[in-house]
Each structure stands twice: as C-alpha cells, then as structure tokens.
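Below is one structure, written out as structure tokens, with a few remarks after it.
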Amino acid sequence: MDPVTLTRAWRGATVNMLAAALLSAPAMAPAQPTPTHARQAQLGHWLRDDCGACHGMTLRGGLGPPLTREALAGKPPESLVATVLYGRPGTAMPPWHPFMTQDEAQWLIERLRAGDPPAVMPVNAAPAR
Ligand code: HEC
C-alpha cells in the first residue's frame, strides 16, 4: 500500500471503527506474543514502504525523525508504541491502530529499539508492482 492509498484508507475509516479500536485497546503488557510470520512480513512491508516514506527508506529520518536504535535509545517504549498506535495529533504522524494491534506495535518498536527492524519479505496481500 502506498501512502496515498493509506491516506484514503484513513479517511475511509469510520468513526465507529476508530472508537471501537480505541475502546478495545488492551492495557499495556510487559511482554507480547510474537506476530505470526505472515504478520511480521506485513509489518516489515509497512515499515519500509509506509513508515519509510516519512522516516526514510533506511529509517534514518526524513519528514519524520529517525527510527534507528540510536535515535530511539532512552525514549520510553510505551510512549513510542502509543505514538505508533495513535499518531501525534497536529503532526504528520498518523495513527496506525486501524491496521495493527497493540502487540504488533510493541513488537515493531522492540525490533526498532534493538536495531533489528523486520526485513521486507514477500506478502501475499501486497499490491503487485
Ligand atoms: C505521513 C508521515 C509519517 C508516516 C507515514 C509515519 N510517520 Fe512516524 N512520525 C512522523 C512525524 C512527522 C513524527 C514526529 C512527530 C512529532 O513532531 O512529534 C513521527 C514520529 C514517530 C515516532 C516517535 C519518534 C520519536 O523519536 O519520538 C515513532 C516511533 C514513529 N513515528 C513510528 C512510525 C511507524 C512505526 C510508522 C509506520 C507504521 C510511521 N511512524 C509512519 C511522520 C510519519
């Protein structure tokens, strides 16, 4: 999905869906299940294609700040997870909770903080290019 498609998807998301996602967000857990291989592939794909559009293809920053291990060191992981899920109102950082669960956002942040972002793997759902 390219950013333009994503933007359309965000606009298309109904208020009800957003409210449901917000209300059903589970409390922050210290450890979370690892996403399935297929979800890891999807998350890796988004990270490079969509997050990368703003944070840079190599995640070293662009419109958005770098998401490297160095840049994220010392920032509280739970606030980074919240940023991914709910975005930063008033900035370009969009909310991702319509697309991923809290566990998945936590997994993504853990991988980024470890300097080991998921690689791009073939995703069945990925648009042909
Ligand atoms: C449309 C552009 C855009 C996209 C797409 C985007 N971001 Fe961001 N992101 C930003 C901007 C801009 C900020 C800084 C907001 C601010 O000024 O506080 C940010 C901030 C963040 C932060 C906080 C960084 C810090 O140092 O505090 C994280 C983590 C983050 N984004 C992760 C992601 C992830 C993961 C994705 C993909 C799932 C993503 N972003 C997609 C623009 C984007």
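The values are calculated or read from the model by the stated rules, or taken from the named source; none is laboratory data. Values in this document were obtained by computation on a predicted structure and should not be read as measured data. Neighbour counts run over all protein chains shown; Cβ positions are idealised from the backbone, glycine included.
Observations on the structure shown:
- Among the residues of segment 110-119, those that are surrounded by 17 or more Cβ atoms within 10 Å (Cβ to Cβ) and outside any helix (DSSP H, G or I) comprise 117, 118.
- Residues located in segment 42-65, provided they are free of Cβ contacts under 8 Å to residues at least 60 places away in the same chain and in contact with a His (Cβ under 9 Å, 6 or more places away or on another chain): 61, 62, 63, 64, 65
- So residue 68, is it in contact (Cβ under 8 Å) with a residue 40 or more places away in the chain, among the β-branched types (Val, Ile, Thr), within 15 Å of residue 117 (Cβ to Cβ) and out of contact with any Ser or Thr (no Cβ under 8 Å at 6 or more places or on another chain): yes
- A search for C-beta distances below 8 Å between a residue of segment 84-102 that is within 16 Å of residue 42 (Cβ to Cβ) and among the aromatic types (Phe, Trp, Tyr) and any residue that is more than 7 Å from the ligand (Cβ to nearest atom) and at pLDDT 95 or above, counting only pairs 6+ apart in sequence or on different chains, returns 96/85; 96/87; 96/105.
- In segment 92-103, the condition of being closer than 19 Å to residue 120 by Cβ, under 13 Å from the mean Cα position of the chain (by Cα) and more than 6 Å from the ligand (Cβ to nearest atom) is met by at least one residue.
- Screening residue 79 against (1) free of Cβ contacts under 8 Å to residues at least 24 places away in the same chain; (2) more than 6 Å from the ligand (Cβ to nearest atom); (3) part of a loop (DSSP other than H, G, I, E, B) leaves a single unmet condition, (3).
- Residue within segment 89-109 that is in a helix (DSSP H, G or I), of a type in the set (Val, Ile, Thr) and surrounded by 18 or more Cβ atoms within 10 Å (Cβ to Cβ) present: yes
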